Amino acid sequence: MSPSSLRSAPLAGIRVLDLSRVLAGPWCSQMLADLGADVVKVERPVHGDDTRTWGPPYLRDAAERDTGEAAYFLCANRNKRSIAIDLATPAGQAVVADLARKADVVLENFKPGGLAKYGLDAASLRAIAPRLVYCSISGFGQTGPYANRAGYDFLIQAMGGLMSITGRGQDEPGAGPQKVGVALADILTGLYSTIAIQAALSERERSGLGQHIDLALFDVQIACLANQASNYLVGGQVPQRMGNAHPNIVPYQDFPTADGDMILAIGNDQQFARFCTVAGHPEWAQDARFSSNPQRVAHRSILIPLLRQTTVMRTTAEWVSALESQAVPCGPINAIDQVFADPQAIARGMRIEMPHPQAGSVSLVANPIRFSETPVSYRLPPPTLGQHTDAVLADWLGFDAAQLRTLRDNAAI
């Protein structure tokens, strides 16, 4: 028996009660579930998570009929069990409070104060379960003048500065602010939440007590401005949109080829010199205007047109082959179908198949974490609405058939 077969998943034994919906919260809880936590997703009866209807496309069954399970929902909800509970009913509130007593983590993304009327806010639940780690995700946080505003990813990308640095330069055709093509603020907030929850669980091992985590999409978006924020704070210049160019590195952008486009991501002077040799212009690397990165940044308006005149002379595949042989970072600009057909994505197993009760199977994107001893496991497909209500209430709370029937009679589940 191998050593890895004796070791459990990193978060095995951790129970997560997930009251969140849409993307940031579910992204966090899916990550926790992938790492081995038992995640119970609480959804509204009848409607469930909003993203269940965010289609098309919808998952199709063997007869090519839509199942009603939207692709959007499927991307963030595997390895979870779904229970349908009406939080507006006293009986439903009592059940969720009982589940919270059994949980290690509660995750929610209601508006600040929205769960207090149900007695399910952080203060109420931590009063009855002091070891509970309670994570609140919201648009703008639990404090501040915007705390009660709704926060959506698109809005946060705008207010948090990302759109001011994304898109074509102001003097280029098609200039203007542009959002990123995925809900990046949501996803990053989900990842920060995962980190924070694991840190709080680790601290609980020492103190014996849980705590309340306050995560705001707005805060996360500002934090993830990274070098662009630092450029402003240190240099005093407000960063501008530069299309695919980099404010601090040249050449580090897209270039036209004979049959399309490619990316050059040259990060140091040695790589630039090797590129110049492959391109047939070794003299560029000796030119005082281009020999160092600071000089290339200062003279980008001269250098970039020279490079573009050269890159159009070969196909993307020809450039990639020639430059990779000289360890010059480059690559094609893949459409998503090309991504999943890429040999590297195939070798890394980035597409997985899981059984699904309605469709037979469902294709999903793999978790990118690779553990040497406790690999991520794919135990449960994204659940249908309320699929596990009876099983979870029996498992966590010991409810019998009569108690479940009473809850149904009271429209609590």
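The values are calculated or read from the model by the stated rules, or taken from the named source; none is laboratory data. All figures in this text were calculated on a predicted structure; none of them were measured in a lab. As a convention, Cβ positions derive from the backbone with ideal geometry for all residues, glycine included, and neighbour counts pool all protein chains shown. Protein only, heavy atoms only, side chains kept; ligands, DNA and RNA dropped before computing areas. Shrake-Rupley method; radii C 1.70, N 1.55, O 1.52, S 1.80 Å.
Can you tell which of ALA185, ALA200, ALA175, ALA226 is surrounded by 18 or more Cβ atoms within 10 Å (Cβ to Cβ) and farther than 28 Å from ALA9 by Cβ?
On the way: ALA200 fails: farther than 28 Å from ALA9 by Cβ; ALA175 fails: surrounded by 18 or more Cβ atoms within 10 Å (Cβ to Cβ); ALA226 fails: surrounded by 18 or more Cβ atoms within 10 Å (Cβ to Cβ).
Result of the check over ALA185, ALA200, ALA175, ALA226: ALA185.
Please verify whether region 103-116 includes one or more residues that are surrounded by fewer than 19 Cβ atoms within 10 Å (Cβ to Cβ) and more than 27 Å from ILE195 (Cα to Cα). Looking through region 103-116, none of the residues is surrounded by fewer than 19 Cβ atoms within 10 Å (Cβ to Cβ) and more than 27 Å from ILE195 (Cα to Cα).
Taken over region 233-257, residues that are in contact with a Gly (Cβ under 9 Å, 6 or more places away or on another chain) and either part of a helix (DSSP H, G or I) or of a type in the set (A, V, I, L, M) (or both) amount to 3. Does region 395-408 include one or more residues that are modelled with pLDDT of 95 or more, on the phi > 0 side of the Ramachandran plot and out of contact with any Asp or Glu (no Cβ under 7 Å at 6 or more places or on another chain)? Scanning region 395-408, I find at least one residue that is modelled with pLDDT of 95 or more, on the phi > 0 side of the Ramachandran plot and out of contact with any Asp or Glu (no Cβ under 7 Å at 6 or more places or on another chain), so the answer is yes. Residues that are in contact (Cβ under 8 Å) with a residue 60 or more places away in the chain and out of contact with any Leu (no Cβ under 7 Å at 6 or more places or on another chain) number at least 2 in the following helices (runs of 4 or more DSSP H) confined to region 324-402: 389-397.
One line per residue, one yes/no per condition, for (1) touching a Leu at 6+ places or on another chain (Cβ under 9 Å); (2) not hydrophobic (A, V, I, L, M, F, W, C):
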site	(1), (2)
LEU107	yes, no
GLY119	yes, yes
ALA123	no, no
VAL133	yes, no
GLY141	yes, yes
ASN148	no, yes
GLY151	yes, yes
PHE154	no, no
GLN157	yes, yes
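Test GLY119 against the criterion of being within 27 Å of ARG204 (Cα to Cα), free of Cβ contacts under 8 Å to residues at least 60 places away in the same chain and surrounded by fewer than 20 Cβ atoms within 10 Å (Cβ to Cβ), and give yes or no. When the stated conditions are applied, GLY119 passes them.
Is one or more of the residues making up region 322-333 at pLDDT below 95 and closer than 29 Å to ASP171 by Cβ? Within region 322-333 (the criterion being at pLDDT below 95 and closer than 29 Å to ASP171 by Cβ), the answer is no, since none of the residues qualifies. Can you pull out the residues in region 231-251 that are surrounded by fewer than 12 Cβ atoms within 10 Å (Cβ to Cβ) and touching a Phe, Trp or Tyr at 6+ places or on another chain (Cβ under 7 Å)? Within region 231-251, just VAL238 meets the criteria.
Evaluate the following for ILE266: is it surrounded by fewer than 17 Cβ atoms within 10 Å (Cβ to Cβ) and modelled with pLDDT of 95 or more? For ILE266, the condition - surrounded by fewer than 17 Cβ atoms within 10 Å (Cβ to Cβ) and modelled with pLDDT of 95 or more - is not met.
Just to be sure I understand, how many residues within region 309-351 are in contact with a Phe, Trp or Tyr (Cβ under 6 Å, 6 or more places away or on another chain) and open to solvent by less than 90 Å² (accessible area, probe 1.4 Å)? Show your work before the answer.
Restricting attention to region 309-351, the residues satisfying the condition of being in contact with a Phe, Trp or Tyr (Cβ under 6 Å, 6 or more places away or on another chain) are 311, 328, 351.
Those still in the list that are open to solvent by less than 90 Å² (accessible area, probe 1.4 Å) too: 311, 328.
Residues flagged as in contact with a Phe, Trp or Tyr (Cβ under 6 Å, 6 or more places away or on another chain) and open to solvent by less than 90 Å² (accessible area, probe 1.4 Å) within region 309-351 amount to 2.
Residue count for region 1-56, restricted to those that are touching a strand residue (DSSP E or B) at 6+ places or on another chain (Cβ under 6 Å) and assigned to a loop (DSSP other than H, G, I, E, B): 7.
For region 183-222, which positions are of a type in the set (A, V, I, L, M) and not in a helix (DSSP H, G or I)?
Taking region 183-222 as the starting set, the residues that turn out to be of a type in the set (A, V, I, L, M) are 183-185, 187-188, 191, 195-197, 199-201, 209, 213, 215-217, 220, 222.
Of everything in region 183-222, those that are of a type in the set (A, V, I, L, M) and not in a helix (DSSP H, G or I) turn out to be ALA183, LEU209, ILE213, LEU215, ALA216.
Please list, ordered by first then second residue, the pairs with beta carbon atoms under 6 Å, 6 or more apart or interchain, first in region 278-303 and open to solvent by less than 50 Å² (accessible area, probe 1.4 Å), second of a type in the set (S, T, N, Q) and not in a helix (DSSP H, G or I). The qualifying pairs are VAL278/GLN326.
Checked against the criterion of being closer than 30 Å to SER377 by Cα and in contact with a Lys or Arg (Cβ under 6 Å, 6 or more places away or on another chain), region 311-326 contains not a single residue that satisfies it.
Restricting attention to region 69-102, the residues that are assigned to a loop (DSSP other than H, G, I, E, B) and open to solvent by 40 Å² or more (accessible area, probe 1.4 Å) total 3. Looking only at region 389-413, residues that are of a type outside the set (A, V, I, L, M, F, W, C) and in contact with a helix residue (DSSP H, G or I) (Cβ under 9 Å, 6 or more places away or on another chain) come to 6 in all.
Based on this model, can you work out whether GLY141 counts as at pLDDT 95 or above and more than 18 Å from the chain's Cα centre (by Cα)?
Numbers: at pLDDT 95 or above: yes; more than 18 Å from the chain's Cα centre (by Cα): yes.
Judged against the criteria, GLY141 is a match.
Give region 366-381 a look and list any residue that's open to solvent by less than 30 Å² (accessible area, probe 1.4 Å) and out of contact with any strand residue (DSSP E or B) (no Cβ under 7 Å at 6 or more places or on another chain), or say none.
Within region 366-381, ASN367, THR374, VAL376 meet the criteria.
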